[in-house]
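The values are calculated or read from the model by the stated rules, or taken from the named source; none is laboratory data. Worth saying up front: this structure is predicted, and the values here are computed from it rather than measured. Every residue, glycine among them, receives a Cβ derived from its backbone with ideal geometry; neighbour counts consider all protein chains shown. For accessibility, only protein heavy atoms count, side chains too; no ligands or nucleic acids. Shrake-Rupley method; radii C 1.70, N 1.55, O 1.52, S 1.80 Å.
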Amino acid sequence: MLYRQQPYYGMMPPQTPQPLQVPTPVTGTKGGIDVPGMLPIEQSYIENILRINKGKLVEVHATFENNKEWNAMIFRGLIEAAGRDHLIISDPETGKRYLIPMVYVDYVTFDEPIEYEYPFGAGAAR
C-alpha cells in the first residue's frame, strides 16, 4: 500500500515557544558544584591529582609496547603540567622536559606526601 501525504496549503498553526531548560548547579558535599549530566568537579582523576601536586619531584613509570629498544622507562622530574591525555615533567639536573602521553603511564611515585584534596574543598590533606 502506497501512502501519499496530502499537500498542506494553509498556514502552519502558531507554536508556543517553550522556555529553555538549563540544568541547575547543585553544591556538592565537598564545596564543589555538581551540574546534572556532568561528573562532579571533585572527581579524583589522575590528571587532577598530578595538577594539584605541581612542582613535586616524581618518578613516572611508563611502558611502550612493541618497542624492542626501550619497552619500559622511568622518567624522573618535577611536575610542570598535567592534562587529560598527557603529563609534562622537567628534569631538575638537566633542564630537559618530557611530554609523556598518559596512555603509556603505568604509575607515578612520589618521595613526599601527595596532595589529594582539592584547594576549593574542605582543605588540603597530606
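If we keep just the residues of region 43-76 that are under 20 Å from Pro113 (Cβ atoms) and open to solvent by 80 Å² or more (accessible area, probe 1.4 Å), which is modelled with the lowest pLDDT? Taking the candidates together, the pick is Tyr45. Would you mind stating whether Ile79 is modelled with pLDDT of 90 or more, within 14 Å of Phe110 (Cβ to Cβ) and surrounded by 16 or more Cβ atoms within 10 Å (Cβ to Cβ)? So Ile79 passes the test.
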